[in-house]
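Notes follow the structure.
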Amino acid sequence: MIRPITRLAFALPVSALLLAACGAPDPVMDPPAGANDAPAETVVEAGAEDILTGPEWTVTQIDGQPALENAAPSIAFLPNGVTGSAGCNRFNGGYEADAASLSFGALATTRMACADDRMEQERAFLTLLSRSTRYEASEDGTTLVLTAEDGRTITAQR
């Protein structure tokens, strides 16, 4: 029989380790220095960078369906890659863009589980994002439409 004092002696160090792990930085949320260096496949031609980069885009529609409230995906185009939230998990990767065409390299994502509706939206968003072939931005730079090869779209706003 294990005595209560022995259980406590075991539980305290284990609890301390679990608490320390909870406070550890998330490698995707807080990547180490140099981790966000430009992926080799990221190429942004003149003109495209001005429209895409800047403040983050918040997704309002995925394939004609409104994004979930409080779980809308977001996309930030950086000169050296793309990053954002898929609604539950974070993602990052490379992209290529010119005046109208757009393509994404392999996207890395975290692997947290969320409610079924958020996971379903995330799958649809990441699938369409990876299949995007062109984009169109409003003249005032507040609306972005990404179009996949089959015509399905992602609409985002700033």
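The values are calculated or read from the model by the stated rules, or taken from the named source; none is laboratory data. Keep in mind the model is a prediction, meaning the values are calculated, not measured. With ideal geometry, Cβ positions are generated from the backbone for all residues, glycine too; neighbour counts draw on all protein chains shown.
Observations on the model:
- Members of the range 131-154 that are at pLDDT 95 or above, surrounded by 13 or more Cβ atoms within 10 Å (Cβ to Cβ) and not in a strand (DSSP E or B): ARG131, ARG152
- Tabulated pairs, the range 125-137, first under 7 Å from THR147 (Cβ atoms) and free of Cβ contacts under 8 Å to residues at least 40 places away in the same chain, second in a loop (DSSP other than H, G, I, E, B) and of a type outside the set (Ser, Thr, Tyr), C-beta under 7 angstrom, 6+ apart or interchain: THR133/GLU149; ARG134/ALA100
- Checked against the criteria, ILE51 counts as closer than 21 Å to ARG158 by Cβ and either modelled with pLDDT under 95 or surrounded by fewer than 15 Cβ atoms within 10 Å (Cβ to Cβ) (or both).
- Looking across the range 64-98 at every residue that is charged (D, E, K, R) and out of contact with any Phe, Trp or Tyr (no Cβ under 9 Å at 6 or more places or on another chain), the one that is surrounded by the fewest Cβ atoms within 10 Å (Cβ to Cβ) is identified as GLU69.
- Once the range 94-112 is narrowed to residues that are touching a residue at least 24 places away in the same chain (Cβ under 8 Å) and more than 21 Å from THR53 (Cα to Cα), the residue that is farthest from the chain's Cα centre (by Cα) is MET112.
- In the range 57-70, the residues that are more than 20 Å from VAL82 (Cα to Cα) and part of a loop (DSSP other than H, G, I, E, B) form Cβ pairs under 8 Å with partners that are modelled with pLDDT of 95 or more and of a type in the set (Asp, Glu), at six or more places apart or across chains, as follows: LEU68/ASP117.
- If you go through the range 72-109 and keep only what is among the small types (Gly, Ala, Ser), in contact with a Leu (Cβ under 8 Å, 6 or more places away or on another chain) and more than 18 Å from THR153 (Cα to Cα), you end up with just GLY93.
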